[in-house]
Amino acid sequence: GCVSEGGELPFVAADPVCATGAEVSRLAAASGAEVWSSPVAGEVLGVFGGEVYMGSDPVSFPAADAVLQRVSGSSGATVWQRSLAFPVRGRIWRVSDSLVGVLGPGPAPNTVALHRYRIQDGGLSDTRGFADVPRGVAAAGEIRGEADLFVLGQVPWKTLPSRVRRLSADSGSVLWENLTTQRSAYPGIALTPNRLLLAEETGQGDALVRSLDRVTGQLRWEQSIAQGPIYSSYN
């Protein structure tokens, strides 16, 4: 139960952090011994500056508020805890030296906004609306890189191109957009320091991998992989 749904294991100063849903523990990388354990419910959303950010979604009916917590990476003590009036979708990420961002619903129906919280005390700094995020499509992918958000959307039942957009975490504006040829299955998305990689399965079960420049969105290379289907769950 230590590994997140995405198959990732978070670390604090090279020590793995294990979250089982009812508690979170830091284990010594050299021996596996427990450094500290804290009764914090939820999963690890991110680790920034040696601190662990935990999130838990409501499972009760009617639904209660979700919880966002900052936990000390050195002791396991809760630094602050904040209730959120919306489910925590995916992970959070650090958008500046003093702010972390959480994706949540926007002010209008079917819109998405970036809710930015102060790292120091967990207070809400502001809410930035994202322009035209493809939330209505199936298997929309999201990935966070530095201060920006990359969103990938596709409509599998229509002959429409996939679309990947880079959205500014500071203003919510679209920095660039890149359209791709329609594929028969859901695309996968991954980041490297300089590139955004898209892996798309073709109708014949082959795969097409494209590399886009993270800054400009321009295509850098394209490679076909025969008999190598790429699924969006594995990048």
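Just a few scattered comments:
- Approximating the spin labels as points 7 Å out from Cα along Cα→Cβ, the residue 48-to-residue 97 distance works out to 1.4 nm.
- Protection-proxy order for peptides 48-54, 73-79, 114-120, 218-224, each taking the mean of Cβ atoms within 10 Å per residue, highest first: 114-120, 48-54, 73-79, 218-224
- The distance between label points at residue 197 and residue 72 comes to 3.9 nm (points 7 Å beyond Cα on the Cα→Cβ vector).
- The convex hull defined by the C-alpha atoms of the range 9-53 has an orientation-averaged projected area of 2.8 nm².
- Pairwise FRET efficiency - residue 85 versus residue 20, Cβ, R0 = 25 Å, nearest 0.05: 0.45
- Karplus-derived 3J(HN,Hα) values for the range 30-41, using 6.51 cos²θ - 1.76 cosθ + 1.60 with θ = phi - 60°, are 6, 10, x, 5, 6, 7, 7, 9, 9, x, 10, 7 Hz; glycine and proline are entered as x.
FYI, it's all coordinate maths here, none of it is from the lab. Predicted model, so just to flag it, every value in this text is computed and none were measured. Because the Cβ atoms are built from the backbone with ideal geometry, glycine has one as well, and the counts that use them run over all protein chains shown.
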